[in-house]
Amino acid sequence: MHSEQEHKIPVLHTILNAAVVLLLIVLSLIYCNYQQVFTVKRIIVHGHHELSEKQVTRTSGIKRGAKMFDLDLSEGIRRLIDEPYIHNASISRQFPDVIRIDIIERQPIVLIDLREQYALDAFATILPLPESYPLESMPVITGVDPDLAFEIGKATWHPDIRHAIHFVNYVRQFSEEVVSYCNHITWSEDKGWIIQKNREYPPVYLGKDNLEKNMDILHAFITKMQDDAIDMRRYKYISLRFNGQVIVRD
């Protein structure tokens, strides 16, 4: 009997200690809440370029002064990813009062003329025209059906556009001298893809298929013209549509 009472005393002490610790935690949280310790005082944004820090913060829906524990981070991430220029995003709490937002932006690589002008990233995602990228240095795609259905911020599966994007991604490996010949990229139902540096230089007819192979041939041809000190502007047009042959017209 006596041993049973001795056994119960440590158990009661343990329970009382646990209750006291729990009470202290609760009181600490209440005090911190009262003192606004766990409220958002600072929002840090990383990974933005086209979007400003203010735009990212506003899009997330997170505001300074909000309760740290009341924030729905998954909803904030969803709101960010709905923004056309944001490819992926994460939000984390950094106690006691900081929220960190990390985003990965889509990067426009080419412009496209439809009913209006838009930008495209390397995955054929249609984007509004950027404000922080120099538009004059970006190639432009024209000649694609202007009435095609698309959604801003979503990749298009239009075969002509995806074909052009695949081609642009391939061309980017070349030197600037060759890349500049793709400043203007035009689709023609009759002739296929046509590229041109500017109005002073001849159009280059690449055809409808084997664009990468034809671009390799054009690269070799341009290099040969440079080695021979021949000005490309002497030609009226250059065609690579026929079995890899380079056909030029003075």
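Read-outs throughout are calculated quantities, based only on the coordinates presented, and are distinct from any laboratory measurement. Just so we're clear, the structure is a prediction, and the values are computed from it rather than from any experiment. Every residue, glycine as well, gets a Cβ built from its backbone with ideal geometry; the counts of neighbours run over all protein chains shown.
With label points built 7 Å along Cα→Cβ from the Cα atoms of Phe221 and Lys63, find their separation and express it in nm.
Output for this residue pair reads 6.2 nm.
Give me the Å³ per residue figure for the convex hull around the C-alpha atoms of region 42-105.
For region 42-105, the hull spanned by Cα atoms encloses 66 Å³ per residue.
Only counting other Cβ atoms within 10 Å, I'd like Ser132, Ser137 sorted with the fewest neighbours first.
Neighbour counts put them in this order, fewest first: Ser137, Ser132.
Can you compute the helix-only [θ] at 222 nm over the chain? Use -39500 (n - 2.57) per DSSP H run of at least 4 residues, normalise by all residues, nearest 500 deg cm²/dmol.
After summing the helix terms and dividing by the residues of the chain, the value is -11000 deg cm²/dmol.
Averaged over all directions, how much area does the convex hull of the C-alpha atoms of the chain cover when projected, in nm²?
Computed as one quarter of the Cα hull surface, the answer is 23.0 nm².
Lysine pairs in the chain 8 or more apart or on different chains: how many have alpha carbons under 14 angstrom apart?
5
Using the number of other C-beta atoms within 10 angstrom as an exposure proxy, rank Trp193, Trp157 with the fewest first.
Trp157, Trp193
Roughly how many whole Å is it from the C-alpha centroid of region 179-239 to that of region 90-165?
Answer, in whole Å: 26.
Subtract the Cα-Cα distance of Ser132 and Arg93 from 0.36 nm times their separation in residues, and report this length gain in nm to one decimal.
11.1 nm
Bin by bin, in steps of 10 Å, what percent of the Cα pairs in region 110-249 do you find, going until the bin that has the longest distance?
Reading the bins upward from 0: 11, 44, 32, 12, 1.
Roughly how tilted is helix 159-171, in degrees to the nearest 10 and between 0 and 90, from the longest Cα axis of the chain?
Between the helix axis and the principal axis of the chain, the angle is about 90 degrees.
Relative to the longest principal Cα axis of the chain, at what angle does helix 211-227 sit, 0 to 90 degrees, rounded to 10?
60 degrees
Most exposed first by the Cβ proxy, i.e. fewest other Cβ within 10 Å, how do Leu71, Leu51 rank?
Ordered from fewest to most neighbouring Cβ atoms within 10 Å, Leu71, Leu51 come out as Leu71, Leu51.
Calculate how steeply helix 2-34 sits against the longest principal axis of the alpha-carbon atoms of the chain, using the helix alpha-carbon long axis, and give the answer as 0 to 90 degrees to the nearest 10.
50 degrees
What GluC sites (Glu not before Pro) in region 64-122 are in a loop by DSSP, with at most 16 other Cβ atoms within 10 Å of the Cβ?
Hits after loop and neighbour filter: Glu116.
What value does region 26-165 have for Rg/Rh, both radii from Cα atoms and Rh as Kirkwood defines it?
1.15
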